[in-house]
Amino acid sequence: MKIYVMRHGEAASGTPDAHRPLDTTGQKEVASIADWFVSQLGDRGRQLRIVASPYDRAQQSASIIARALQVDDIMTLPIMTPDVPPQTLIEWLTHNVDPQHDDTPWLFVSHMPLVAELVGQLVDGGPNARLPMGTADVIELDAQVWAAGCATLVRHVTPATAALDNGA
């Protein structure tokens, strides 16, 4: 089963942190990734389950992807904020995403350092493992069970590589 972990696009500076919107660059980054998802998933993209942090920039990023794929619903998950320990989300995955009985892909849109630590722990298993991610980067993971050290990193897509894949 596949999941995608995405860092939100570039955001404007300001406070409070939870209400920082995507800036123009971030909107373009996420649009490039949205086009990549369309090219990769085709009609199956409509089945993508999108889960996002409640922060504005993650919600905006998820909305751009959802609109491109014609996905109607975005689930907001309060445990996907920047400072939540990745183990909290791994436990959520264990209880809510069943790779044995469901092959529908999922997309999780959140923040650093959570996304880097989540991917690092799912792939490496170590409590300090991390995979740095730029804005709007997507990591594709595959696993038979969602637990530390049990996932395989399939690919790391950046807005620049997505544009190349899309023929831009």
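Derivation of every value follows stated rules applied to the coordinates shown; laboratory data play no part. The model shown is predicted, which means the values in this text are computed figures rather than measured ones.
Taking every DSSP helix (H) stretch of at least 4 residues in the chain, weighting each as -39,500 (n - 2.57) and dividing the sum by the residue count yields a mean residue ellipticity at 222 nm of -11500 deg cm²/dmol. The relative contact order of region 37-168, computed from alpha carbon pairs under 8 Å that lie at least 6 residues apart in sequence, is 21 percent. Once the mean of 1/r is taken over each pair of separate Cα atoms and inverted, region 2-165 shows a Kirkwood hydrodynamic radius of 15.5 Å. Over what distance in Å are the Cα centres of region 131-149 and region 1-65 separated? Cα centroid of region 131-149 versus Cα centroid of region 1-65: 15 Å apart.
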